[in-house]
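Enquirer: What follows is a single structure, and I will ask about it in a moment.
The values are calculated or read from the model by the stated rules, or taken from the named source; none is laboratory data. Everything numeric here is computed off the predicted structure, so don't read it as measured data. Methodologically, a virtual Cβ is constructed for each residue, glycine included, from the backbone with ideal geometry; neighbour enumeration extends over all protein chains shown.
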Amino acid sequence: MNKIINDFSITVGTVNGSGSSTANNTILRAIFKMGIPVSGKNLFPSNIQGLPTWYTIRANKDGFIAHNERRDIVIAMNPNSFARDLASVAPGGAFFYADDIKQPITRTDVAAYPMPVKTIIRNDPNVPSDYRDHVANMVYVGVLAHMIGMDIDKIYAALEFHFKKKQKPIDMNFNVVKAGAEWAKANLEKKDAFYLEPMNKTDGMIMADGNMAGALGSIFGGVQFVGWYPITPATSLAESLNDYLPQLRKREDGKHTYAVVQAEDELAALGMSIGAGWAGLRAMTSTSGPGLSLMTEFAGLAYYAEVPVVIWDVQRIGPSTGLPTRTSQGDLTFTHFIGHGDSQSVILLPGDVYECFEFGWKAFDVAERIQTPVFVLSDLDMGMNQWISKPFKYPDTPMDRGKILLESDLEELKGNWGRYFDADGDGIGHRTFPGNKHPMSSYFTRGTGHDDHARYSEEADVYLNNMDRLKRKHETAKQYVPAPVFHTMKGAKAGIIAYGSTEAAILEAQHQLEKDHGLATDFMRIRALPFTREVDTFLAKYDQIFIVEMNRDGQMAQILMTEYPQLAPRFKTIAYGDGMPASAKWVREGILAKYKGRKAASAKRKTAKKAAPARKLSAKNTTKKNAAGSKSKTKRK
Amino acid sequence: MTETLPMAGASANINLAGLSKNDYRGAPSTLCQGCGHNSISNQIVTALYEMNIVPEDIVKFSGIGCSSKSPTYFLNRSFGFNSLHGRMPSIATGALFGDYHLKGVGVSGDGDSASIGMGQFKHIMRRNVNMVYIVENNGVYGLTKGQFSATAEKGLSLKKQGENQYMPVDICMEALVSNATFVARSFAGNPKQVKELLKAALSHDGIAVLDIISPCVTFNNQMNAYHSYTWGKDHEEPLHEISYIAPRNEIMLENEMADGEVREVALHDGSVVILKNLEKGYDPSNRYDALRVMEEAQSNTWMLTGLLYVDTTKPNLTSIYNLVDMPLNRLTEADLRPAPEMIDKVNALMF
């Protein structure tokens with residue numbers, strides 16, 4: 001049997017609340033420390049205890065670590081999902097199961113391995129009986145480690161990290177891992193093809209989740225006020241702020257330069273943040289779709305009153321009883337149009353954990369420069385799962401506090417200023433904030449219906465003037481928001497547009513489309529609204545542009561169609577949202593299904609031609625990357 | 001924006017802050033002639049002027065409604081935020097973190113606080129935000145032309161609305177059970193008491209609720225309505241006469257204080273509220289007594305006015321947060337952005 005090295009997925013089926021996340025994270029981290037590109041995705045129900053839950057890990061030597069539907073190795077710990085888990089294993093795959101689950105193994109095309117989980121745990125005198133169920137999960141870590149060649153020292157390192165160097169739990173868990181590995185060594189015969197081998201592809205990388213990264217970025221952005229309300233999957237963002245602010249903003253006098261307030265609901269969470277932003281603080285809130293709905297009225301007010309505030313939306317699916325623990329990109333159009341009357345939102349779209357950190361600090365600069373709410377749209381997959389990442393980078397620009405007038409400035413101006421007066425022609429006025437002691441510093445804030453000097457007015461021309469200026473200001477925002485990122489290919493025949501967490505799936509699909517179908521594409525990942533000039537240029541280049549996103553109706557496509565109506569016939573929506581993170585398969589299949597035009601037929605011919613030499617090359621083992629990739633590919637087909 | 005700079009023009013009536021009463025005024029009112037809210041605005045101006053508080057040290061807040069328009073009509077030189085219906089509390093809570101040396105003065109209404117904003121009203125009480133929270137209470141929605149509010153009494157009939165079927169919300173009781181640290185009620189037709197209670201409220205370190213019955217002259221001023229002038233005048237039942245004494249001795253105790261038992265309530269800044277009890281032994285630091293007298297007043301349809309409850313021992317919201325001495329909104333990048341070497345520490349904290 002040919003070995004399949006560093007290119008497979010592991011899925012663990014457990015009961016929610018059984019403590020498997022420690023075990024699963026340990027596997028993920030150990031593989032990461034072995035230098036192999038890897039991702040881990042927790043596919044969990046909205047439940048505290050009892051419902052089935054899965055965790056999928058994908059190791060891929062070429063760095064293609066988007067979610068993959070294919071299940072190579074499945075570990076079954078949950079009797080209730082046993083049959084389903086067994087059925088899900090790909091032919092030629094491996095199936096590990098707790099041997100106390102007395103259910104028939106109905107397949108002959110997979111390698112089945114029983115594991116005496118309960119026996120091993122009961123035989124370990126160091127595991128107290130009330131810890132048994134939790135620690136039992138370490139048995140499968142140990143068995144798997146032996147069977148696929150996971151480095152036991154890296155497992156130790158993962159446990160050391162997880163238990164923050166507390167020796168007792170580290171030892172208790174590690175001993176069970178070892179017991180599992182030893183049992184496997186003595187009792188199991190390897191019947192599958194999956195192996196891990198050390199690489200050096202994660203050297204210098206870190207592993208973090210997007211919510212923590214966003215919180216850390218916000219701290220480096222100088223966050224001063226956080227109003228928040230718990231909601232999955234955004235909760236851990238605010239909790240990370242609570243965890244890290246005391247460490248990273250520690251002062252000798254022990255006093256605080258920030259405040260985090262858990263509000264009574266999302267209305268108050270944003271209300272407080274807007275109050276703080278208005279009063280001159282770097283203020284933020286974090287929420288998810290339903291919470292954002294509640295924030296709508298305040299978001300509209302902040303747009304018109306021109307209050308800087310940062311709003312993180314870690315997107316999930318649907319309403320309260322939708323699929324609240326599943327990922328989505330379903331809030332884009334809502335955020336785009338949020339408010340009432342005419343409004344336009346500034347939206348940042350981080351694509352990975354690294355950008356969650358970067359946009360964490362950048363969002364405050366944009367908000368204070370433009371004097372408007374800035375929305376940062378993350379999602380559950382990015383926010384709650386561990387991603388490998390380049391190390392976070394210290395902000396490379398000083399804080400931009402925007403146009404602020406202090407006492408000395410007002411002195412110079414002899415008090416002659418107007419809060420909404422467009423002195424610079426960029427639509428942005430100057431602001432003052434409470435605590436300014438100059439007698440001409442104050443102004444009265446209300447929604448719309450004010451003149452350049454913030455005086456009440458319902459005059460038509462005053463209103464129109466103000467609305468025109470707001471539009472001008474939105475135009476100015478284009479200079480301050482992050483430009484798109486491009487992944488281009490030689491001879492690209494079509495464009496792909498996406499945003500957020502789908503990048504890994506699209507890069508993989510792009511690779512497959514070129515390799516297997518001869519379809520070269522250029523990919524632009526949009527990172528902000530309003531669209532910058534780079535977007536205009538990209539759109540002009542291609543007859544066919546596939547807009548890929550995780551929702552039903554193609555929300556980015558809708559926005560592009562309204563912003564660029566003359567180009568609408570070029571846009572092809574590849575929208576899909578079932579709660580799972582994006583996979584290369586649906587991106588690829590979606591694009592192939594919609595790819596049309598003059599070149600379609602020749603593209604197919606080219607596919608055949610191109611694919612053939614690729615296999616030849618791989619046989620000669622010219623390039624490692626292609627070789628291994630097509631080898632496993634051929635094998636599976 | 002004010003057109004008047006401080007000290008502009010010579011005036012005989014300059015307070016210790018060097019300001020004239022004009023420095024405390026706002027834009028001309030656009031509320032109805034005779035509206036109780038205007039009288040309250042005037043007392044706010046007078047109270048602050050007499051207390052020598054600089055307008056820049058006050059931040060005004062309001063929600064939506066007739067009452068919420070009134071911050072335009074006083075303190076031109078103070079920052080003000082006319083926010084959303086029922087959401088004044090959250091805006092004020094966040095804004096006062098900007099500079100915790102500032103005092104909030106919020107004006108809301110019965111619709112704004114007792115209906116749509118009931119949740120935020122109660123939560124700002126339990127957080128003890130440092131502000132005076134005035135409810136200009138008239139039992140009716142004015143701007144939408146005369147619907148019942150949640151404080152309207154059962155059985156009240158209004159043109160177009162018919163008869164109110166529901167029991168009313170009592171602002172003071174709601175404040176008290178939500179752990180407000182200063183609860184008082186007054187009547188717009190009793191400006192002296194309004195002013196003295198305002199002064200006491202401004203000196204209180206924490207949330208100070210002032211429920212001021214302020215009749216709506218247009219939509220709810222029937223002879224028999226609880227929130228009318230006639231009814232108010234006839235049924236007002238002062239809990240005690242009240243005088244406010246500033247921490248310094250410049251303002252003397254007013255000499256028309258009647259005989260009777262006198263109780264001094266010391267506020268955090270050293271100032272004192274002196275209550276002359278009409279009801280013997282009434283102790284405004286006793287929550288139980290406060291609830292009892294409110295229950296009694298309700299069952300007798302008295303309008304009980306005065307300082308119902310005060311607790312000066314609880315810290316206000318921002319002081320719980322142990323903030324740096326300098327206002328947060330004066331901090332700069334050096335205070336706020338961790339040093340460059342911290343990024344390595346952060347990356348080392350990740351796996």
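Enquirer: Is one or more of the residues making up segment A:498-517 surrounded by fewer than 24 Cβ atoms within 10 Å (Cβ to Cβ), over 25 Å from A:Trp312 (Cβ atoms), in contact (Cβ under 8 Å) with a residue 60 or more places away in the chain and touching a Leu at 6+ places or on another chain (Cβ under 8 Å)?
Expert: Yes, segment A:498-517 has at least one match.
Enquirer: Here is a follow-up. Need at least 1 residues that are over 21 Å from A:Ala299 (Cβ atoms) and within 10 Å of the chain's Cα centre (by Cα) per element, so show me which strands (runs of 3 or more DSSP E) inside segment A:320-392 make the cut, counting only ones lying wholly within it. So that I can check it myself, show each step before the final result.
Expert: On the way: elements: A:323-327, A:346-348, A:373-379, A:386-389.
Because the criterion is at least 1 residues that are over 21 Å from A:Ala299 (Cβ atoms) and within 10 Å of the chain's Cα centre (by Cα), the strands (runs of 3 or more DSSP E) in segment A:320-392 that meet it are A:323-327, A:386-389.
Enquirer: Select from segment A:5-21 the residues that are touching a helix residue (DSSP H, G or I) at 6+ places or on another chain (Cβ under 6 Å) and crowded, with 19+ Cβ neighbours inside 10 Å and write down the one among them that is nearest to A:Met199 (Cα to Cα).
Expert: The extreme case among them is A:Asp7.
Enquirer: Within 10 Å of chain B (Cβ to nearest Cβ), modelled with pLDDT of 95 or more, touching a strand residue (DSSP E or B) at 6+ places or on another chain (Cβ under 7 Å) and assigned to a loop (DSSP other than H, G, I, E, B): does that describe A:Arg401? Walk me through how you get there before you give the answer.
Expert: Working: within 10 Å of chain B (Cβ to nearest Cβ): yes; modelled with pLDDT of 95 or more: yes; touching a strand residue (DSSP E or B) at 6+ places or on another chain (Cβ under 7 Å): no; assigned to a loop (DSSP other than H, G, I, E, B): yes.
No, not satisfied.
Enquirer: Given the criteria within 30 Å of A:Ala59 (Cα to Cα) and either assigned to a loop (DSSP other than H, G, I, E, B) or touching a helix residue (DSSP H, G or I) at 6+ places or on another chain (Cβ under 8 Å) (or both), does A:Ser442 qualify?
Expert: Numbers: within 30 Å of A:Ala59 (Cα to Cα): no; either assigned to a loop (DSSP other than H, G, I, E, B) or touching a helix residue (DSSP H, G or I) at 6+ places or on another chain (Cβ under 8 Å) (or both): yes.
So A:Ser442 fails the test.
Yes/no per residue for (1) crowded, with 23+ Cβ neighbours inside 10 Å; (2) within 14 Å of chain B (Cβ to nearest Cβ); (3) not basic (Lys, Arg):
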position: A:Leu28; (1), (2), (3): yes, yes, yes
position: A:Phe32; (1), (2), (3): yes, yes, yes
position: A:Ala59; (1), (2), (3): yes, no, yes
position: A:Phe82; (1), (2), (3): no, no, yes
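Enquirer: Would you confirm, using the coordinates I've provided, whether A:Leu216 is at the interface with another protein chain (Cβ under 10 Å from one of its Cβ atoms) and touching a residue at least 24 places away in the same chain (Cβ under 8 Å)? Step through it out loud before you land on a result.
Expert: Numbers: at the interface with another protein chain (Cβ under 10 Å from one of its Cβ atoms): yes; touching a residue at least 24 places away in the same chain (Cβ under 8 Å): yes.
It is true that A:Leu216 is at the interface with another protein chain (Cβ under 10 Å from one of its Cβ atoms) and touching a residue at least 24 places away in the same chain (Cβ under 8 Å).
Enquirer: From B:Glu341, B:Glu333, which residue is out of contact with any strand residue (DSSP E or B) (no Cβ under 6 Å at 6 or more places or on another chain), within 14 Å of chain A (Cβ to nearest Cβ) and either under 30 Å from A:Ile274 (Cα atoms) or not acidic (Asp, Glu) (or both)?
Expert: On the way: B:Glu341 fails: either under 30 Å from A:Ile274 (Cα atoms) or not acidic (Asp, Glu) (or both).
Going through B:Glu341, B:Glu333 in turn, just one is out of contact with any strand residue (DSSP E or B) (no Cβ under 6 Å at 6 or more places or on another chain), within 14 Å of chain A (Cβ to nearest Cβ) and either under 30 Å from A:Ile274 (Cα atoms) or not acidic (Asp, Glu) (or both): B:Glu333.
Residue-wise test of (1) within 9 Å of chain B (Cβ to nearest Cβ); (2) not charged (D, E, K, R).
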| residue | (1), (2) |
| --- | --- |
| A:Tyr354 | no, yes |
| A:Gly360 | no, yes |
| A:Asp379 | no, no |
| A:Pro391 | yes, yes |
| A:His430 | no, yes |
| A:Ser442 | yes, yes |
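Here is a yes/no grid of residues against (1) part of a helix (DSSP H, G or I); (2) at pLDDT 95 or above; (3) closer than 30 Å to A:Asp422 by Cα; (4) within 11 Å of chain B (Cβ to nearest Cβ):
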residue	(1), (2), (3), (4)
A:Pro198	no, yes, no, no
A:Lys201	no, yes, no, no
A:Gly222	no, yes, yes, yes
A:Leu237	yes, yes, no, no
A:Leu301	yes, yes, yes, yes
A:Val307	no, yes, yes, yes
A:Val310	no, yes, yes, no
A:Asp313	no, yes, no, no
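Enquirer: Could you give every pair whose Cβ atoms fall below 7 Å, whose first residue belongs to segment B:320-333 and is loosely packed, with under 12 Cβ neighbours inside 10 Å, and whose second residue is of a type in the set (D, E, K, R), counting only separations of at least 6 or pairs across chains?
Expert: Here the result reads B:Asn322/A:Lys255, each pair linking segment B:320-333 to a residue that is of a type in the set (D, E, K, R).
Enquirer: Among the residues of segment A:44-65, write down those that are under 17 Å from the mean Cα position of the chain (by Cα) and over 21 Å from A:Ile148 (Cβ atoms).
Expert: A:Phe44
Enquirer: For A:Ala268, state whether it is within 11 Å of chain B (Cβ to nearest Cβ) and either of a type in the set (Val, Ile, Thr) or closer than 21 Å to A:Val366 by Cα (or both). Spell out how you get there, then give the answer.
Expert: Numbers: within 11 Å of chain B (Cβ to nearest Cβ): yes; either of a type in the set (Val, Ile, Thr) or closer than 21 Å to A:Val366 by Cα (or both): no.
Taking the combined requirement at face value, the residue does not satisfy it.
Enquirer: Now, a different point. Only residues that are farther than 20 Å from A:Ala305 by Cβ, within 8 Å of chain A (Cβ to nearest Cβ) and crowded, with 23+ Cβ neighbours inside 10 Å: list them for segment B:56-76, please.
Expert: Matches in segment B:56-76: none.
Enquirer: While we're on this one: Looking at segment A:283-299, which of its residues are facing chain B (nearest Cβ under 7 Å) and either of a type in the set (Lys, Arg) or surrounded by fewer than 24 Cβ atoms within 10 Å (Cβ to Cβ) (or both)? It would help to see each step written out before you state the result.
Expert: Residues of segment A:283-299 facing chain B (nearest Cβ under 7 Å): A:283, A:297-298.
If the condition is that a residue be facing chain B (nearest Cβ under 7 Å) and either of a type in the set (Lys, Arg) or surrounded by fewer than 24 Cβ atoms within 10 Å (Cβ to Cβ) (or both), then A:Glu297 is the only one that fits.
Enquirer: Looking at A:Gly227, A:Gly217, which is the one that is crowded, with 22+ Cβ neighbours inside 10 Å and in a helix (DSSP H, G or I)? Let's see the steps before the verdict.
Expert: Numbers: A:Gly227 fails: in a helix (DSSP H, G or I).
Matching residue, one of A:Gly227, A:Gly217: A:Gly217.
Enquirer: If you don't mind, there's one more thing I want to ask. If I filter segment B:93-116 down to residues being within 16 Å of B:Leu210 (Cα to Cα) and either within 10 Å of another protein chain (Cβ to nearest Cβ) or hydroxyl-bearing (Ser, Thr, Tyr) (or both), which single residue comes out as surrounded by the most Cβ atoms within 10 Å (Cβ to Cβ)?
Expert: We begin by selecting, within segment B:93-116, every residue within 16 Å of B:Leu210 (Cα to Cα); these are B:103-114.
Those left that are additionally either within 10 Å of another protein chain (Cβ to nearest Cβ) or hydroxyl-bearing (Ser, Thr, Tyr) (or both): B:104, B:108, B:113.
Details: B:Gly104: 26, B:Ser108: 32, B:Ser113: 36.
Looking at the filtered set, the residue picked out is B:Ser113.
Enquirer: Among the residues of segment A:42-53, is there at least one that is touching a residue at least 60 places away in the same chain (Cβ under 8 Å), surrounded by 24 or more Cβ atoms within 10 Å (Cβ to Cβ) and either in contact with a Gly (Cβ under 8 Å, 6 or more places away or on another chain) or not hydrophobic (A, V, I, L, M, F, W, C) (or both)? Before you say what the answer is, go through the steps one by one.
Expert: Of the residues in segment A:42-53, the ones touching a residue at least 60 places away in the same chain (Cβ under 8 Å) are A:42-46.
Next cut, surrounded by 24 or more Cβ atoms within 10 Å (Cβ to Cβ) only: none.
No: segment A:42-53 contains no residue that is touching a residue at least 60 places away in the same chain (Cβ under 8 Å), surrounded by 24 or more Cβ atoms within 10 Å (Cβ to Cβ) and either in contact with a Gly (Cβ under 8 Å, 6 or more places away or on another chain) or not hydrophobic (A, V, I, L, M, F, W, C) (or both).
Enquirer: Are any of the residues in segment B:165-175 without any contact (Cβ under 8 Å) to a residue 60 or more places away in the chain and in contact with a Phe, Trp or Tyr (Cβ under 7 Å, 6 or more places away or on another chain)?
Expert: no
Enquirer: Among the listed residues B:Ala184, B:Ala201, which satisfies the condition of being assigned to a helix (DSSP H, G or I) and either without any contact (Cβ under 8 Å) to a residue 24 or more places away in the chain or of a type outside the set (Asp, Glu) (or both)?
Expert: Going through B:Ala184, B:Ala201 in turn, the sole match is B:Ala201.
Enquirer: Further, regarding this structure: If you take the residues of segment A:239-260 that are among the small types (Gly, Ala, Ser) and crowded, with 18+ Cβ neighbours inside 10 Å, which of them is nearest to the other protein chains (Cβ to nearest Cβ)? Spell out how you get there, then give the answer.
Expert: Quick first cut of segment A:239-260, residues among the small types (Gly, Ala, Ser) only: A:240, A:254, A:259.
Subset that is crowded, with 18+ Cβ neighbours inside 10 Å: A:240, A:259.
Numbers: A:Ser240: 11, A:Ala259: 5 Å.
Here the residue is A:Ala259.
Enquirer: Taking the residues in segment B:117-129 that are within 12 Å of chain A (Cβ to nearest Cβ) and touching a Lys or Arg at 6+ places or on another chain (Cβ under 8 Å) as candidates, determine which candidate is surrounded by the most Cβ atoms within 10 Å (Cβ to Cβ). First the steps, then the outcome.
Expert: Going through segment B:117-129, the residues within 12 Å of chain A (Cβ to nearest Cβ) turn out to be B:117-127, B:129.
Next, only the ones that are touching a Lys or Arg at 6+ places or on another chain (Cβ under 8 Å) stay: B:117, B:120.
Working: B:Gly117: 25, B:Gln120: 29.
Applying the filter and picking the extreme gives B:Gln120.
Enquirer: Of the conditions (1) of a type in the set (Asp, Glu); (2) more than 13 Å from chain B (Cβ to nearest Cβ); (3) under 22 Å from the mean Cα position of the chain (by Cα), A:Asp209 fails just one. Which one is it?
Expert: Failed condition: (2).
Enquirer: Looking only at residues in segment A:445-465 that are of a type outside the set (Ser, Thr, Tyr), farther than 24 Å from B:Met88 by Cβ and not in a loop (DSSP other than H, G, I, E, B), which one is farthest from the other protein chains (Cβ to nearest Cβ)? Write out each step before concluding.
Expert: Of the residues in segment A:445-465, the ones of a type outside the set (Ser, Thr, Tyr) are A:446-447, A:449-455, A:458-462, A:464-465.
Filter once more, keeping what is farther than 24 Å from B:Met88 by Cβ: A:452, A:459-462, A:464-465.
Of the ones still in play, those that are also not in a loop (DSSP other than H, G, I, E, B) are A:460-462, A:464-465.
Working: A:Ala460: 19, A:Asp461: 20, A:Val462: 15, A:Leu464: 21, A:Asn465: 18 Å.
The extreme case among them is A:Leu464.
Enquirer: Here's a follow-up. When segment B:293-330 is examined, which residues are found to be charged (D, E, K, R), within 13 Å of another protein chain (Cβ to nearest Cβ) and more than 29 Å from A:Phe357 (Cα to Cα)? Show your work before the answer.
Expert: We begin by selecting, within segment B:293-330, every residue charged (D, E, K, R); these are B:295-296, B:311, B:314, B:325, B:330.
From what is left, the residues that are within 13 Å of another protein chain (Cβ to nearest Cβ) are B:325, B:330.
Correct list: B:Asp325 only.
Enquirer: Does segment A:395-402 contain any residue that is under 15 Å from A:Tyr480 (Cβ atoms) and aliphatic (A, V, I, L, M)?
Expert: Within segment A:395-402 (the criterion being under 15 Å from A:Tyr480 (Cβ atoms) and aliphatic (A, V, I, L, M)), the answer is yes, since at least one residue qualifies.
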